[in-house]
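Throughout, read-outs are computed from the coordinates displayed, never taken from laboratory work. Nothing here was measured: the structure is a model prediction, and the numbers come from that model. Cβ sites come from the backbone with ideal geometry, for glycine too, and all protein chains shown count toward neighbours.
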Amino acid sequence: MTRSSEIPGFYRRSIAERRAFVQEWGGLTDEEMRAFEFPPGIDAGTFDRMIENVIGVMPMPLGIATNFRINGKDYLIPMAIEEPSVVAAASNAAKVARAADGFSAQTTLPVMIGQVQVLDVPDPVAARLRLLDRKEDLLAAANAKDPVLVKFGGGAKDLEVRILPSSRGTMLVVHLLVDARDAGGMNAVNTMCEALAPEFARLTGGRTVLRIISNLAIHRLARAHATFPADALKTDTASGAEVVDAILDAYAFAAADPFRCATHNKGIMNGISSVVIATGNDFRAIESGAHSYAAWRAGETDSSTVILPLTTYEKNARGDLVGTIEVPAPVGLIGGATAVHPTARANVKILGVKGARELGEVLASVGLAQNFAALRALATEGIQRGHMELHARNYAMSAGAKPDEVDRVVERMVAERQIRLDRAKEILDALRHGSAG
């Protein structure tokens, strides 16, 4: 009999009923189904209200990065990520920066961009001016949709109009600039754009299509910088000055080559996204905005490359390494999963941030720390060696090693430099049968 994934009313079923259906569909054992169980002390109904068709949860490791001092304040930073070495690398980098007073960070005002697309405008240049002539009235109409946001100092602050050639003809794109305060801003910005769209159409003589927030948050930036003393970077085989130069060489590679730059920026997001996830923010929006910003900035600076690193590195007069970062940080502490997910709420409490801008400063600092750690590893011992033991540990556990066996299997694989699942199984079998393997 052919099975069908068309299941009328699946969303109306209880979690237990959905689980039973999926268990039968997937041929899962009772033991395998226990992997979907909800954490103790958390109401399953909370998750059932967050997304659709819930059957359980998929836990992700949550670690704490230590040693961070940002703007003179110490932080423990929750990081949710499945990739080994990220938390340890961030903690180590923060320790190096701490020797020179840690990270200094700042943010711009939390201004988001709402976009309204207007098509079929007969006179786009004149229509642009008609919209700008009515800017104050339009902003007032937008703010009438969210008086609470305005009360706290936020709301629609400015209006920009772009004339954009496209495959569908020339279009007007209206940017509504909204100060979202401590929220991510999606609901407020989208509501304002929806409200203004009919007036935009009337004033331009065109028709509006899309009305939505942009994740390229060029007006909501977080910046951080730190000094990494050369004396703290020396290794058994290289002086601190040599390591500084090697990191500068690695950075120059990323600045010149988009293929390297993509991986360079991914390493930054290893740190940033893990904190975004831990605090219940939208990591997809942050990822998209960061990578788009790297490309947008390249275009704005008339660079010869299509994308630029989100970080920069220089050598100061003392020969120390100075790192900086600038990245969009459209995160919030109000609304969304941050407000309803109990683990996210607890993580925010551990972090101790009092507003979205402070959270942005933390994100920038963690991103810089993570990137520095990656470049340092690449420029000295190579990234694979740094990951070797952690990957070996994953293979040992996948091979079925018990907690008291894992270290012995890992030690053998690392010594042999054979980090493979099949070798982990062979070593484990040899340990259990007392042979040399």
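Values as computed for the structure displayed
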{"quantity": "Net charge over other residues, Cβ less than 11 angstrom from the Cβ of Val150 (K, R count +1; D, E count -1)", "calculated": "+2"}
{"quantity": "Cβ-placed point charges (K, R +1; D, E -1), dipole of the range 1-59 about Cα centre in debye, nearest 20", "calculated": "180 debye"}
{"quantity": "Assigned charges on the beta-carbon of Lys, Arg, Asp, Glu; the range 296-373 dipole about Cα centre (debye)", "calculated": "380 debye"}
{"quantity": "Relative exposure of Asp43, Asp404, Asp182, judged by other C-beta atoms within 10 Å (fewest first)", "calculated": "Asp404, Asp43, Asp182"}
{"quantity": "Helix-derived mean residue ellipticity, 222 nm - over the chain, DSSP H n ≥ 4, -39500 (n - 2.57), to 500", "calculated": "-15500 deg cm²/dmol"}
{"quantity": "Structure-derived volume of the Cα convex hull per residue in Å³: which label, when the choices are (i) 182; (ii) 127; (iii) 212", "calculated": "(iii)"}
{"quantity": "When the range 322-387 is reduced to its Cα atoms, the Kirkwood hydrodynamic radius in Å", "calculated": "13.9 Å"}
{"quantity": "Alpha carbon centroid spacing (whole Å) that separates the range 354-370 from the range 16-60", "calculated": "33 Å"}
{"quantity": "26 Å tail of the calculated P(r), the range 55-193, as % of Cα pairs", "calculated": "53 percent"}
{"quantity": "Packing-based exposure ordering (other Cβ within 10 Å, fewest first) of Ser303, Ser398, Ser5", "calculated": "Ser5, Ser398, Ser303"}
{"quantity": "Sum of side-chain charges, Val54 neighbourhood, beta-carbon under 10 Å (Lys, Arg +1; Asp, Glu -1)", "calculated": "+1"}
{"quantity": "Residue range of the chain that is longest and free of GluC sites (Glu not before Pro) which are both DSSP loop and sparsely packed (at most 12 other C-beta within 10 Å)", "calculated": "83-437"}
{"quantity": "Centroid-to-centroid separation of the range 109-175 and the range 261-306 [C-alpha atoms, Å]", "calculated": "26 Å"}
{"quantity": "Whole-number percent relative contact order across the chain, with pairs defined as alpha carbons under 8 Å at least 6 apart", "calculated": "17 percent"}
{"quantity": "Stretchable slack from Glu6 to Phe152, in nm (0.36 nm times residue separation minus alpha-carbon distance)", "calculated": "47.9 nm"}
